[in-house]
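One structure below.
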Amino acid sequence: MSREIKFILNGNPICIAIEEHWTLLYLLREKLGLTGTKEGCGRGECGACTVLVDGLAINSCLYFAVETDGKNILTIEGLAAEDGSLHPLQKSFIENGGIQCGFCTPGMILSAKALLDENPRPTETDIKQALAGNLCRCTGYVQIIESIEAVVDKRIEDINVVVRETGDSD
Amino acid sequence: MEEFTVIGKRISKVDAVDKATGRALYIQDFKLPGMLYGRILYSKYPHARIIKVDTEKAKALPGVVTILTGEDIPPIRLGVYKDNPPLKSGKVRSCRDEVAAVAALDPEIAKEAIDLIEVTYEALPAIFDPEEALKPEAPLVHEDHKTNVLKMPWNLHYGDVEAARLEAAFNVQERFTTTWVTHCCMGTSGAIADVDNSNNLTVYTNTQIPSLAQKDFQETLKALGVKDRRVRVIKPSIGGGFGSKLDTYAYEHLAILLAWHARRPVKILFEREEEFLATSPRQPTVTYISMGCDREGKLLYRDMSMVLDNGAYTSWGATTPSVMMMPITSLYRVPNVRYTAKCVYTNNTYCQAMRGYGNPQATFAIESAIDMLAEAADIDRVEFRRINSNRPGDVTPQGLRITSCGLPECIDAVSKNLDFGQPREKGIGTGLASLIHVGGGARIYKSDGCGTMIKMDDYGKVDVFTGASDMGQGADTVIAQIVAEELGVKVEDIHVFHQDTDICPWDVGAHASRTTFVAGNSALGAARKIRLRLLAMASKATGVSEDKLVLKDRAFFAEGSPILPLPKLLRSSHFTPKGQMMMADNFYDPENENMGRDFRGNMSATYSFGTHGVRVKVDEATGKVEILDYIAAHDVGRAINPMLLDGQVHGGVLMGVGYALTEQVILENGRNMNPDFRDYKLLTAMDAIHSKPIVIETVDEKGPFGAKGIGEPGCVPTAPAIANAIYDAVGVRIRDLPITPEKVLAAIKKKKGAVSCGIDVFTQKEQPCE
Amino acid sequence: MKKFKYLISKTLDEAVSLYQSHGDSAMYVAGGTDVMVKIKSGKVTPDYLISLTHVGRNSEIRINPETGTLHVGGLVTHRTLEMSPLIKLQYPIIHDAVQRIGSTQVRNVATIGGNLVNAVPSADGAIPLIALDAYVNIYGSAGEHSVDLIHFFEGPGQTVLMNGEILTEIVVPKQPPRTGGAYQKFGRRAAMELPLIGVGVLITLEEDSNRCVRARIALGVAAPTPIRTLGAERYLVGKEINEDTLNEAGKLAAEESRVRDSIRGLAWYRREMVAVSVQRMGLTCLQRINQLKAK
């Protein structure tokens, strides 16, 4: 059965007819050509298909496409700025060895984004917990965790710079 | 100390931006016009006669284009022993046997068609235990083979083990076992085959061996009656390798066969469950080891025998004893060595190479037994290892010539940190284990070579065409660094092509931790040829003698000042009469040796060493093991890229921890009981271990800039290090991987005097505590 | 994968009537993380999925100011429970469980109602709620009724829900002072686990001593449905709560459990872990009660 849905995809409004049994992953990869979102298991056990729905990390392989109606979806393709400059998390994964085979990377980065949006200063345990649903076989997770910590540290540093420059203190 | 501009730097992977933005294309992401979707029907039984395959209903399903059964295909035999047809006829020998294949308009139709194929089987008695399979009354897996034992006589004896045994002051004799674990590549297997109207074949596939795969696919074309056509292998970004892609699999050949029949491109992509069921895990082993030393702790002999569960067919898993021989004969100095291994057919899944290639299984037995022997001799376990450590200049009984060797330094680095600055507490213990691995290629085939072509354009941009394969480990980045260093350009000036056999030269494959060493040397040689020409030209252009010119930062320097930009020189090279192109090629084949009939031979041009140390806490009430600290020291020759090197070690260590503690493919009567990530216990980020890598640089004389291989070593000594730490913590020795909480708790109970731990579900018998 | 129609109901009544018009070919769905897996694997083959996500109620956590009871809507996601300061502070036993269910991705979508209705023996969500004496409100064509959660489960995948009834709400009675609870999921990995055994312990102490006036010990995976080990509970009542009495209670609970062997774990080991976890969770209860006192 087909149905029309409207949602925001990576900042752009979109209106598309879908079949009701489609998953969001299927819609993204097969119908919209956004293959950056990966399918690693198809049953919510690996996190490769992670995208953000209204800011929350979800497994798109288990998410009903119809439920995206009216929502805001972010995939890895929408993370960089419009001018192509990379998101700090993308940069950090690149510079800190957070990427090897890269298959888990889009999901990892989006899980990390959801975490930092909710909790700008996560502990190592917070980070590990947020990534627990994103499996990786290459890295042992160490450099992935370090990549996220580097973004957090950089932000704190930037805030401190601002505080110093404006002379604020508390 | 040499000054490098690129070597030794933490440089980002050259493909990382594409991977971080979702642009990198994997086999999952490829679609060709007119492409069909293939799917495979697997056997219902571990061992059965195929009475009838009825495809009528499936054929009638709209959208089905081609159906093949074992009767429809020409004779094709896959694997190192050529015992595995891509579709079985007559009988099936394991639950992953391919019985039929379908190509249809979409994956759903293909799936439905598979369900409509009716196969009538007659079940046969099956054999699942390799030691049982040795018995004369055991059912034969391959009748025409006459025996379940593979005709691969892994058998060596150097020195005189029995004489040494009589001489030894202390001895240990033990049995160790390991089970199946699997690669768990995050990207599942897949291939697309496309046959054009002239019968040229293109295969897009996840492979670590593009050049050898090309040959395998050529064979399949030949079986179809097509000769002298082109076979092109295109390798997309690969979602993890770890040895899983060292052979061609039935699904790749089925894609070819289906495409041939349908005259349309056919894609077969595994679902995760299929990935667990139909790819080949690490070889399980039963190992008997005895080892002895004199009063001073010097090893006198090592005597090992193994039975390997080969499964129903033969891939590289069966040849892992060739690599096990290396630690068995050459990890520590041991003058008298004996080793025999039998690979045995069973009705289980067949096995394949996996990171370490037999070395983790062998090292688990050796390093556990080393601790036991040290205890028997009442010598400190670290000291015991120092006494017996390999040293530069050694020639081992197998004829391995140890050149650069940082094992003593690795043992020192770990022992210094083994208590991790923590006081001794109840239930907490430490352990260590070392490794030797090939670090300068491994001559498995007649050639261990790799080709490189380099082309430099007018602007100093460089295209490198390498035979090497990247599966995520960073082969392309390391090659780019080597070429950039040699040609005085930046890494971003370099594009490494490794994805296409039409473009890239030959290579034997991404195995044996050989890529940095072999492909690196190959690239270095090609770059050097160009460098020499550039220097000659620059000297001519500037009047400065070649030995006074330095090529770096995209320019020629004399006495510290830039005098000629590289692009300017390049442009002049073909805008002048008798101009020349800046292109070079190089084939590098290391000076290593094939094994002789007695298995002697210096199989690698150099060897990597390492020692791991671990501190664990054992919960004596639950048997759970928690890793508190981990240190991994590796002699890598030289770190070309410390960041990627750390990544190999961290990844290897966690894979090793999974091998030690949680991972197992559970086969019950040949059936995979845990084909998903819920029950296959791949470790998660919550389980991550912040291991501390220590890099020992011995600067190998043969290695590119001194580098040796490091792809596999990270997961080799992990399990014995952990087993040794558990023993140190609570005094129980676990000889069977994985070391589950059940095994630890049962052993603790037994130590305290308990006899039974309950009823075993499979045997319905009282389960002894061990 | 089986194709289905996805029907969005805006009210409970609409959902129930949709269900009745489609009968056996319909299934309710909320977050869908379990239903999708079952459909993909062919374990269920509904023609219609009736989404409850948009019924506009049952998605909040609140305390009834008059009775002090905790009300958790059936559509509350595990993540909402996990992040709720109310749950974390006042019902840590629930927090223990929900923060370890699946991954963040699953918890963001999967609901507590769905977890209960699924009725898998390992349902982490159920055990702490049973320990808390929770009951569930059920809505159907015949109106609303309540069932104690411990009586809600009838077997693996089986509940008392009949004929299109919907679990709307979980109600947890106000807990007496000096009550502490703790849940342990015993697994092999630190995350993404189904428990080998799940143990929830809830203890209420006398006002000025460590004497137990009420005890609840609920177990997951110890039987085809979640169970309470009544003998162990009775043993504790009237006793001083300490390592020894908890050890004894653990042994009794282990004897009462009906664990079995599976590829996930052997029965003897599960039984042992019941004993160990009951004792450990009991001690955590004690700790938590004392922390409350300190505050």
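The values are calculated or read from the model by the stated rules, or taken from the named source; none is laboratory data. No experiment lies behind these values; they were computed from the predicted model shown. Here the Cβ is made from the backbone with ideal geometry for all residues, glycine too, and neighbour counts use every protein chain on show. Please note that ligands, DNA and RNA were not included when accessible areas were found on the heavy atoms of the full protein model with its side chains. Shrake-Rupley method; radii C 1.70, N 1.55, O 1.52, S 1.80 Å.
Eigenvalues of the alpha-carbon gyration tensor of region B:1-123, scaled by 5 and square-rooted, set the equivalent ellipsoid semi-axes at 42, 22, 12 angstrom, largest first. As an exercise, use a Förster radius of 25 Å and the Cβ-Cβ distance of B:MET581 and B:PHE497 to find the FRET efficiency, rounded to the nearest 0.05. After rounding, the FRET efficiency stands at 0.90. Under 15 Å of direct C-alpha separation, and excluding same-chain neighbours fewer than eight residues apart, B:LYS426 reaches these aspartates and glutamates: B:ASP619, B:GLU620, B:GLU626, B:ASP728.
With 24 Å as the limit on Cα-Cα distance, the pairs of A:LYS71/B:LYS31; B:LYS91/B:LYS146; B:LYS31/B:LYS88; B:LYS681/B:LYS752 that go past it are A:LYS71/B:LYS31; B:LYS31/B:LYS88; B:LYS681/B:LYS752.
The residues A:GLU95, B:GLU271, sorted by heavy-atom accessible surface at 1.4 Å with ligands and nucleic acids left out, run A:GLU95, B:GLU271 from largest to smallest. Pull out a ≥ b ≥ c, the square roots of the eigenvalues of the alpha-carbon gyration tensor of the protein assembly as shown, then state rounded if a/c is under 1.5, prolate if not and a/b is larger than b/c, and oblate in the remaining case. Since a/c stays below 1.5, the shape of the protein assembly as shown is classed as rounded. Counts of other chain beta carbons within 10 angstrom of each beta carbon in peptide C:92-105 average 5. Residues of region A:91-133 that become at least 50 Å² less accessible with every protein chain present than in their own chain isolated, using 1.4 Å: which are they? Listed by number, the residues meeting the 50 Å² cut-off are A:ILE94, A:ILE99, A:GLN100, A:CYS101, A:PHE103, A:GLU118, A:LYS128, A:GLN129, A:ALA132.
The mean accessible area for residues of chain B, using a 1.4 Å probe and ignoring ligands and nucleic acids, is 35 Å² per residue. Counting only protein heavy atoms and a probe of 1.4 Å, the accessible surface of chain B is 51% carbon and sulfur. Computed per residue of chain B from DSSP H runs no shorter than four, each worth -39500 (n - 2.57), the mean residue ellipticity at 222 nm is -8000 deg cm²/dmol. As a test, work out the antiparallel percent of DSSP beta bridges whose residues both lie in chain A, rounded to the nearest 5. Beta bridges within chain A, antiparallel portion: roughly 90 percent.
Each part gets one Cα centre, and for region B:514-579 versus region C:14-50 those centres are 70 Å apart.
Expressed as a fraction of 2.2 N^0.38 Å, the value expected for a compact globular protein of N residues, the C-alpha radius of gyration of region C:5-51 is 1.09.
Counting only residues at least eight positions apart within a chain, or on another chain, the aspartates and glutamates with an alpha carbon under 14 Å from that of B:LYS702 are B:ASP589, B:GLU591.
In terms of solvent-accessible area of protein heavy atoms at a 1.4 angstrom probe, what is the ranking of B:PHE384, B:PHE128, B:PHE242, highest value first?
B:PHE128, B:PHE242, B:PHE384
If you take the Cα centroid of region A:38-56 and the Cα centroid of region B:220-276, the two points sit 28 Å apart. Of the solvent-accessible surface of region C:179-294, computed with a 1.4 Å probe over protein heavy atoms with every protein chain present, carbon and sulfur atoms account for 46 percent. Residues of region C:267-295 with an amide N closer than 13 Å to a point placed 7 Å from the Cα of C:SER209 along the Cα-to-Cβ direction: none. A simple spin-label model places pseudo-atoms 7 Å from Cα toward Cβ; at B:LYS416 and B:MET673 they are separated by 4.7 nm. Among the trypsin sites (Lys or Arg not before Pro) found in region C:8-91, those both in a DSSP coil and sparsely packed, with 14 or fewer other Cβ atoms within 10 Å of their Cβ, are C:LYS10, C:LYS43, C:ARG57. Averaged over its residues, region A:81-170 has an accessible area of 42 Å² per residue, based on protein heavy atoms and a 1.4 Å probe. Using a probe of 1.4 angstrom and keeping all protein chains present, the accessible surface of region C:61-172 works out to 35 square angstrom per residue.
The spacing between region B:155-173 and region B:1-63, judged by their C-alpha centroids, is 48 Å. How about region B:659-718: which trypsin sites (Lys or Arg not before Pro) there lie in a loop by DSSP and see at most 10 other Cβ atoms within 10 Å? Counting only loop positions with at most 10 other Cβ atoms within 10 Å, none of the trypsin sites (Lys or Arg not before Pro) in region B:659-718 qualifies.
Roughly how large, in nm² to one decimal, is the mean projection of the convex hull of the alpha-carbon atoms in region A:81-170?
Its average projected convex-hull area is 6.9 nm².
Once you divide the Cα radius of gyration of region C:179-294 by 2.2 N^0.38 Å, the number left is 1.03. Taking a ≥ b ≥ c as the square roots of the eigenvalues of the alpha carbon gyration tensor, chain B is oblate, as a/c is not under 1.5 and a/b does not beat b/c.
For the protein assembly as shown, a crude dipole built from +1 on the beta carbon of Lys and Arg and -1 on the beta carbon of Asp and Glu, taken about the Cα centre, is about 1220 debye to the nearest 20. The C-A contact accounts for roughly 2400 square angstrom of buried accessible surface, both chains included, probe 1.4 angstrom.
Compute the length gained on full extension between B:GLU71 and B:ASP228: take 0.36 nm times their separation in residues and subtract their Cα-Cα distance, giving the result in nm to one decimal. It would help to have the intermediate numbers written out before the result.
Working: separation 157, 0.36 × 157 = 56.52 nm, distance 2.57 nm.
Value of the extension gain: 54.0 nm.
Between C:ARG57 and C:ASP244, full extension at 0.36 nm per residue minus the direct alpha carbon distance yields a gain of 62.7 nm.
Cross-link partners of B:LYS57 among aspartates and glutamates, defined as those whose alpha carbon lies under 15 angstrom from its own and excluding same-chain residues fewer than eight positions apart: B:GLU112, B:ASP115, B:GLU118. When only Cα pairs below 8 angstrom with a gap of at least 6 residues are kept, chain B shows a relative contact order of 15 percent. A Förster distance of 45 Å, applied to the separation of the beta-carbon atoms of C:GLU66 and A:GLU4, puts the FRET efficiency at 0.45.
Computed over region B:495-622, the convex hull of the alpha-carbon atoms projects to a mean area of 16.8 nm². Extension gain, B:HIS690 to B:THR177: 0.36 nm times the residue separation minus the Cα-Cα distance gives 181.9 nm. What the Cα atoms of region C:1-142 give is an Rg and a Dmax of 15.6, 49 Å.
With R₀ fixed at 51 Å, the C-beta to C-beta distance from C:LYS3 to B:LEU532 puts the FRET efficiency at about 0.15. Residues of region C:20-50 buried by at least 50 Å² of accessible area upon assembly of all protein chains, compared with the chain on its own (1.4 Å probe): C:MET36, C:VAL37, C:LYS40. DSSP beta bridges confined to region B:436-572 are antiparallel in about 80 percent of cases.
Just the number: Rg to Rh for region C:61-172, Cα atoms, Kirkwood Rh, two decimals.
On the Cα set of region C:61-172, Rg over Rh gives 0.94.
Restricting the GluC sites (Glu not before Pro) of region B:442-541 to loop positions (DSSP other than H, G, I, E, B) with no more than 10 neighbouring Cβ atoms within 10 Å leaves nothing. Each chain gives up part of its surface: B and A jointly bury about 3700 Å² of accessible area, both sides summed, for a 1.4 Å probe.
Per residue of peptide C:189-197, the mean number of Cβ atoms on other chains within 10 Å of the residue Cβ is 6.
Accessible area per residue (1.4 Å probe, heavy atoms of protein chains only) ranks C:GLU206, B:GLU56 as B:GLU56, C:GLU206, with the largest value leading. The label-point distance for B:ARG571 and B:LYS146, in a model that sets each label 7 Å from Cα toward Cβ, rounds to 7.5 nm.
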